[in-house]
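Asks: My questions will all concern the structure given below.
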Amino acid sequence: MKTVWKHKRDATFFPLSAWERVNLSKLCAIARRLDSRLAIPATSSNFSFRAQPEAFLITRSGLHKRLITPEHFLRVDVTSGLPLHPLAPKPSDETLLHAMLYSAFPSARAIVHCHAPELEKCRVPAFHFEGHELLKALGARTHLEPFSLSVFPNDQNMQALVKLISPRLKEPSLAVGFVLEKHGVYCVGTDVEQAHLRLEALLHLLTAQGESIPAIETGSKKEQPAALRK
């Protein structure tokens, strides 16, 4: 009896390679772990993987990410963030931010974005860590080397966000990730595992930081967030 091999396809109808399927399956497993810690509520958050220089795969819009499978990822152009297939479903609203990061960091292969509750502590312009062993997971040489997680004000206009963030992409910390205030965190990796490890490290560091919220730079002064003022 003749067996017919059926290729698995992404949401834009292109065949998925074995390497793509393996890595997208890893992202699906990460989504389920994040769901268990309430970090991907409703239809928020998005995940992507780049197997080719000119395109990447990203989760489609309007689906709870606990339900994603490799077939729910869309193939989009790395420059424009637009789907390669004319009949493709709608990709994530934040696809352009993924495109920005992949264009800026050629070695990047994966991006993980979530809305973990720990991120509520992060305020513009940055959240600072020092003295933690896990800083080495973010590229620090020792635990004594400080790390500043850049925090940008959120904007529903993706073009405006790209214009705001792009001039800062030469800063080393942006190759690790950044936060959109009252929104979520983006973590970048040279593979899926590194992106996930960086996310886990950041969320642990935010938890370890407790209620200690760093001062916000306001002009030439430093002042505490309004929530802490008496």
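Asks: I'd like to know how the chain sits against the 2.2 N^0.38 Å rule of thumb: what's its Cα Rg over that expected value?
Replies: With N residues counted in the chain, Rg over 2.2 N^0.38 Å equals 1.06.
Asks: Same structure again: Could you name the aspartates and glutamates whose alpha carbon sits less than 13 Å from that of K163, not counting residues in the same chain fewer than 8 places away?
Replies: K163 reaches D155.
Asks: Measure up K8/K65; K65/K136; K26/K90 against 25 Å on the Cα-Cα distance and list the ones that go over.
Replies: Among K8/K65; K65/K136; K26/K90, the Cα-Cα distance tops 25 Å for K65/K136.
Asks: Shape verdict for region 97-163, please, from the Cα gyration tensor: rounded (a/c under 1.5), prolate (a/b greater than b/c) or oblate.
Replies: Judged from the Cα gyration tensor, region 97-163 comes out oblate (a/c at least 1.5, b/c at or above a/b).
Asks: Picking from L149, S61, V78, whose Cα lies most toward the positive end of the charge dipole for the chain (charges on Cβ: Lys, Arg +1; Asp, Glu -1)?
Replies: Of the options given, the answer is S61.
Asks: Put a dot 7 Å past each Cα toward the Cβ at D77 and T142; how far apart are the dots in nm?
Replies: 4.9 nm
Asks: In Å and on Cα atoms, what radius of gyration and Dmax does region 8-75 show?
Replies: 11.5, 34
Asks: Also: Under the definition of Cα pairs under 8 Å and six or more residues apart, what whole-number percent is the relative contact order of the chain?
Replies: Across the chain, relative contact order equals 18 percent.
Asks: Find the percent of Cα-Cα distances in region 55-124 that exceed 14 Å, and round it to a whole number.
Replies: Every Cα pair in region 55-124 considered, those over 14 Å come to 62 percent.
Asks: Could you do me a favour and compute the accessible area per residue for the chain, 1.4 Å probe, result in Å²?
Replies: Averaged over the residues of the chain, the accessible area is 52 Å².
Asks: Rounded to the nearest 0.05, what FRET efficiency do T207 and L87 have when you use their Cβ-Cβ distance and R0 = 41 Å?
Replies: The pair T207/L87 has a calculated efficiency of 0.40.
Asks: Expressed as a fraction of 2.2 N^0.38 Å, the rule-of-thumb size for a compact globular protein of N residues, what is the C-alpha radius of gyration of region 34-163?
Replies: 1.15
Asks: If you line up the long axis of helix 192-208 against the longest principal axis of the chain, both from Cα atoms, how many degrees apart are they, to the nearest 10?
Replies: Roughly 30 degrees between the two axes.
Asks: Explain nothing, just the number: relative contact order of region 21-130, from Cα pairs under 8 Å at least 6 residues apart, as a whole percent.
Replies: That works out to 29 percent.
Asks: Under 10 Å, Cα contacts only: if you run a Gaussian network model on the chain, which one of G177, G131, G189 comes out with the highest mean-square fluctuation?
Replies: G131
The values are calculated or read from the model by the stated rules, or taken from the named source; none is laboratory data. Predicted model, so just to flag it, every value in this text is computed and none were measured. Heads up, the Cβs are rebuilt from the backbone with ideal geometry, glycines too, and the neighbour counts pull from every protein chain shown. SASA here: full protein model, heavy atoms, side chains in, ligands and nucleic acids out. Shrake-Rupley method; radii C 1.70, N 1.55, O 1.52, S 1.80 Å.
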